[in-house]
Amino acid sequence: MEVSTLLRALRVELGLELIAGKSGLDRRITGPGIQKSGLALTGFNHMVKPGLIQVLGKTEIDYLWSLEPKNRYEASNHLISCSPPGIIVTRSLDIPEQLIRSATDSRVPLMSTGLRSALLIESLHKFLANRMAQVRSIHGVLVDVFGVGILLIGKSGIGKSECALELVMRGHRLVADDVVDVNFVPPSSIIGAGNELIRHNMEIRGLGIINIKDLFGVAAIRESKKIQLVINVEDWDNSKVYDRLGIVTQTHSILGVSIPRIDIPVRPGRSLTSIIEVAARNQILKVMGHHSALEFQHKIDASVEHSVQVVRGISELPHSLPAGIIDDDAE
Amino acid sequence: MDEIATTRLTIINDLGLHARAATLLVQTASRFESDLYISKDGRQINGKSIMGVLLLTAGKGTELEMEAIGPDCNQLIAAIEELVKNKFGEDK
């Protein structure tokens, strides 16, 4: 990414101001990392990585000011000679003119912001990581159901788009149909979005291409969404064993990130849309720490354990029984 | 293990892979059981998806890599090759 792109995108948000080195705005940032390179000013600049934005905070600028004016240019040059794509000075600090001169001479964009270093580094890193993330296209439909990002996958013609349309009609939101661009955002998120060219258009067999935004309004769409659940829609296969309890957690790997996956077989009379809505609710519960299937299993296990003890003649209930069992027995 | 057939095709009709041509390609691919994946500039899409194929925005002279996976992959590739070679039934 060119420094000019960064400046244009974050000028307002981060209050970035270009101080010097305008002719070097075509320099390329090659990584999302950010360095705070105080030591480089002393000449120990081996660790300055090429292609990374350098941040100078209060300590570094104070250090420059503490030097004799004649030494400031040399100190600045130690950093500038590493040819970083750009340097940002934080807290709107007063910049020694020697640093400005050095940056201008070597065509290194020197910028200033009012933010403190910690905040700048955080925002900048987030922005760069987002922009430089790996992108891949996946064949599927991405919908936001009750705030859960669900990626529907499955072979062509199985009814993914039709199902997404029904979800939209029930008030959920479409992110992308058919081609979902996914990118990895560290540490472990996969963000899906529609391609700009076909964004929010959908192909429904028999109707052709429809525009969800025009038909249902802005509340029916979303630009991007983190993928939290993958639903694999497939033809009902009698020879396949489907998960009946929901205790086994299967995962689907996207760009190296494992995302929970469920396989849902379709058959006439099974409302895929309702199943997906419930899957979303279930996922919310799981995230909040309630695992319906596991809780059910514990309840059953405890009940079985209890009946074994009754047979053995131990009538007292163990204290570890989850709430609910005792009530059930009382009824 | 599924069979795989691949080919590299150049779009030669003047209009390129426009809406009608894309539809024809998708319809042809959908007649087969095998899956078809088409790549252009590192982006791979499903050849049975009209949106995906349109998204390729492949003009005249564009090179596309095709990969068919499945029992009838060779027939699928042959049908697609025929379609592209015949300029999707267009005059030029």
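All Cα-Cα distances of the protein assembly as shown, cut into 20 Å bins from zero to the largest, leave 21, 37, 30, 12, 1 percent in each bin in turn. The spacing between region A:125-146 and region B:37-92, judged by their C-alpha centroids, is 26 Å. When region A:134-287 is described by a simple charge dipole with +1 on each Lys and Arg Cβ and -1 on each Asp and Glu Cβ, the residue from A:M169, A:G217, A:P186 located farthest towards its positive end is A:P186.
Modelled spin labels at A:V218 and A:L245, positioned 7 Å past Cα toward Cβ, are 4.9 nm from each other. Only alpha carbons enter this Debye calculation for region A:134-287, each as an equal point scatterer, and the log10 of I(q)/I(0) it gives at q = 0.13, 0.15, 0.18, 0.20 Å⁻¹ is -0.56, -0.75, -1.09, -1.35.
Roughly how big is the protein assembly as shown's charge dipole about its Cα centre, with Cβ charges of +1 (Lys, Arg) and -1 (Asp, Glu), in debye to the nearest 20?
With Lys and Arg at +1 and Asp and Glu at -1, about 1380 debye.
With label points built 7 Å along Cα→Cβ from the Cα atoms of A:Q309 and A:L119, find their separation and express it in nm. So the two model labels end up 5.8 nm from each other.
A dipole drawn for the protein assembly as shown from +1 and -1 charges on Cβ atoms has a positive end, and of A:H290, A:H200, B:I69 the residue lying farthest that way is A:H200. Qualifying chymotrypsin sites (Phe, Trp or Tyr not before Pro) in region A:24-92, where qualification requires a DSSP coil assignment and no more than 13 other C-beta atoms within 10 Å, comprise A:F44. Can you give me the Cα centroid spacing of region A:156-192 and region A:244-293 in angstrom? One Cα centre to the other: 15 Å. Potential lengthening of the chain between A:M169 and A:R270 amounts to 34.6 nm, from the contour at 0.36 nm per residue minus the alpha-carbon distance. Taking chain A as a Gaussian network of alpha-carbon nodes connected by springs under 10 Å, the highest mean-square fluctuation of the residues A:E166, A:E295, A:E305 belongs to A:E305. Length gained on full extension, A:S81 to A:K226: 48.1 nm, using 0.36 nm per residue less the C-alpha separation. With both residues required to sit in the protein assembly as shown, DSSP beta bridges show an antiparallel share near 75%.
Taking B:G42, B:G61, B:G16 in turn, the Gaussian network model of chain B (Cα-Cα springs below 10 Å) assigns the largest fluctuation to B:G42.
Arranged from fewest to most other beta-carbon atoms within 10 Å of their beta carbon, A:D178, B:D14, B:D72 become B:D14, B:D72, A:D178.
Multiply the residue separation of B:R20 and B:E81 by 0.36 nm, subtract the distance between their alpha-carbon atoms, and state the gained length in nm to one decimal. All intermediate terms of the calculation are to be shown ahead of the outcome.
Working: separation 61, 0.36 × 61 = 21.96 nm, distance 1.68 nm.
Result: 20.3 nm gained on full extension.
A dipole drawn for chain A from +1 and -1 charges on Cβ atoms has a positive end, and of A:I254, A:V12, A:V148 the residue lying farthest that way is A:V12. The label point for A:L207 and the one for A:R28, both projected 7 Å from the Cα toward the Cβ, are 4.4 nm apart.
At a Förster radius of 25 Å, what calculated FRET efficiency corresponds to the Cβ-Cβ distance of A:M47 and A:R136, to the nearest 0.05? Computed FRET efficiency for A:M47 and A:R136: 0.15. Its Cα centre serving as origin, region A:3-131 has a Cβ charge dipole (Lys and Arg +1, Asp and Glu -1) of approximately 400 debye. Annotation note: trypsin sites (Lys or Arg not before Pro) in region B:1-59 located in DSSP loop regions with a Cβ neighbour count of at most 13 within 10 Å are B:R31.
Readers should treat all values here as calculations from the given coordinates under stated rules, not as data from a laboratory. What you see is a predicted model, and the numbers here were worked out from it, not measured in a lab. Every residue, glycine among them, receives a Cβ derived from its backbone with ideal geometry; neighbour counts consider all protein chains shown.
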